[in-house]
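Working notes, structure below.
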Amino acid sequence: MANDNEKLLSDDQAREVLKRIASMYPDAKGELKWDTVFHLLCAVLMSAQTTDKMVNSVTPKFYVDYPDSFALAAADITDIEDHIKTIGLYRTKAKHLKETAQIISSTYNGEVPKDKKKLVKLPGVGEKTANVVLAEAFGIPAIAVDTHVSRISKRFKIVGEKATPHQIEKRLEQLLPEQEWIHTHHAMILFGRYTMPARAKNKDPYSFLK
DNA sequence: ATCCCGAGGG
DNA sequence: CCCTCTGGAT
């Protein structure tokens, strides 16, 4: 086997790494622009495999033209596509946005459910998106495992190379007290985005810690 | 495992 | 040119 000599960090070692990352970004918070919970859901759905900067460049007009789930549910699919054409995966996202809006407007009376099981059933909404909505919009402790959280967890050997997003989420949640989940999650994203990007591959991960 | 998919950076 | 970006559905 090629990779079985990977030694994972102990719980204490992993907590120390997470603590240092968290302390490097004391004011870390989400960088997506949003006003209502429904719009946050739309923005997070759009953010798959796309920088939040790109998402923020299309959402202001999107929010004005589609003020709520009822408006988006009734919108023409090609019109939605035109609003988000500059971000990646735009056809899939437009389809999911409209279908999600239809469910929220008809089944939930226009209100985004505060419930992970219900959120995950929406088209285009997986565990990561659901966790972002729960944490950002409702302040419910959750750790959304995106590309940054995944990469950092693996690079520091907090989890194994083959760990799934769900396994990473459970591992991080087990290591940290609930009240630190949201902040640590944000700090890991900023650390991954600005301090230890994916390209910084052959460097010692610890050289990026303060 | 594969597809979706434009923009930005190196 | 190549790699990456707060993934999810099939």
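Only one of A:Leu32, A:Leu9 is in a loop (DSSP other than H, G, I, E, B) and within 16 Å of DNA strand B (Cβ to nearest atom). Can you tell me which?
Every option except A:Leu32 fails the conditions.
Of all the residues that make up the stretch A:35-94, how many are out of contact with any helix residue (DSSP H, G or I) (no Cβ under 6 Å at 6 or more places or on another chain), among the small types (Gly, Ala, Ser) and within 14 Å of DNA strand C (Cβ to nearest atom)?
The total comes to 3.
Quick one: which of A:Val159, A:Val149 is within 19 Å of A:Met46 (Cα to Cα) and not acidic (Asp, Glu)?
Details: A:Val159 fails: within 19 Å of A:Met46 (Cα to Cα).
Testing whether each residue is within 19 Å of A:Met46 (Cα to Cα) and not acidic (Asp, Glu) leaves just A:Val149.
What's the total number of residues in the stretch A:35-47 that are without any contact (Cβ under 8 Å) to a residue 60 or more places away in the chain and open to solvent by 30 Å² or more (accessible area, probe 1.4 Å)?
Residues that pass the stated criteria total 2.
Here is a check on your reading of the model: is A:Ala43 within 18 Å of A:Val125 (Cα to Cα) and near DNA strand B (Cβ under 10 Å from one of its atoms)?
no
The values are calculated or read from the model by the stated rules, or taken from the named source; none is laboratory data. Small disclaimer: the values here were computed from a predicted structure and weren't measured. Don't worry about glycine lacking a Cβ; one is built from the backbone with ideal geometry, like all the others, and counts go over all protein chains shown. These accessible areas exclude ligands, DNA and RNA; they are computed on the full protein's heavy atoms, side chains included. Shrake-Rupley method; radii C 1.70, N 1.55, O 1.52, S 1.80 Å.
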